[in-house]
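Participant: My structure is below; once you've seen it, I'll send some questions.
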Amino acid sequence: MFASQGFAKLAEKYAEHATEERGWVDKCTDRIIDLGGEVKCGAKKETPVHKNPIDWLKYDLQVSKDGLAWLKTLTEEARDDYATFDILKAYYLDEEEDMFWGEQQLELIDCIGAQNWILRQL
């Protein structure tokens, strides 16, 4: 969406993020298989498409916060399985960094204004 609107920097950021997320999926899938588990792909709740990048940042930040709360619980439950724990801990830290980036962008918007921030994304 952002690339088609001309927001090249934002499009690049989220393209890199998507690639990174697929890497985490691979790691988690491999670990499930290593443990003899069954990997399933079920239906996922649809997510909105935000044309306004600031609305997307707000939405994505909330997704990060909710996801980190769930991931923290999952990581704690895996504490006795060191390999799984290490994967989940690293994933948690990566996701936390993404959340901090979103918070930083929204603070920047408050500081320099929406139009100035949007211009920086072109």
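The values are calculated or read from the model by the stated rules, or taken from the named source; none is laboratory data. This one's a predicted model, so the numbers in the text were calculated from it and none came from an experiment. Glycine also receives a Cβ, built like all others from the backbone with ideal geometry; neighbour counts cover every protein chain displayed. Heavy atoms of the whole protein, side chains included, go into the accessibility calculation; ligands, DNA and RNA do not. Shrake-Rupley method; radii C 1.70, N 1.55, O 1.52, S 1.80 Å.
Participant: In terms of solvent-accessible area of protein heavy atoms at a 1.4 angstrom probe, what is the ranking of ASP98, ASP80, highest value first?
Facilitator: Listed by decreasing accessible area, they come as ASP80, ASP98.
Participant: Something else: So what's the net charge close to ILE87: Lys and Arg +1, Asp and Glu -1, counting the other residues with Cβ under 11 Å from its Cβ?
Facilitator: Spelling it out: positives minus negatives among the neighbours equals -3.
Participant: May I pose another question? Tell me the mean residue ellipticity at 222 nm calculated for the chain from its helices only (DSSP H runs of n ≥ 4, each -39500 (n - 2.57), averaged over every residue, nearest 500). Intermediate results must be reported in sequence, preceding the final value.
Facilitator: Numbers: 4 runs with 90 residues, N = 122.
Mean residue ellipticity at 222 nm (helix-derived): -26000 deg cm²/dmol.
Participant: Could you compute how much accessible surface TYR91 exposes when probed at 1.4 Å, giving the result in Å² to the nearest 10?
Facilitator: Result for TYR91: roughly 50 Å² accessible.
Participant: Can I ask one more? With no solvent and one equal point scatterer per Cα, compute the Debye intensity ratio I(q)/I(0) for the chain at 0.10, 0.12, 0.20, 0.22 Å⁻¹ and report its log10, rounded to two decimals.
Facilitator: Debye curve over Cα of the chain, log10 I(q)/I(0) at q = 0.10, 0.12, 0.20, 0.22 Å⁻¹: -0.39, -0.55, -1.20, -1.36.
Participant: OK, next. What dipole magnitude, in Debye to the nearest 20, does the chain give about its Cα centre under +1 on Lys/Arg Cβ and -1 on Asp/Glu Cβ?
Facilitator: Charge dipole of the chain: 520 debye, to the nearest 20.
Participant: Just the number please: accessible area per residue for the chain, 1.4 Å probe, all protein chains included, in Å².
Facilitator: On a per-residue basis, the chain sits at 70 Å².
Participant: First compute the accessible area of the chain with a 1.4 Å probe, then give the percent of it belonging to carbon and sulfur atoms.
Facilitator: Ligands and nucleic acids excluded, carbon and sulfur reach 55 percent.
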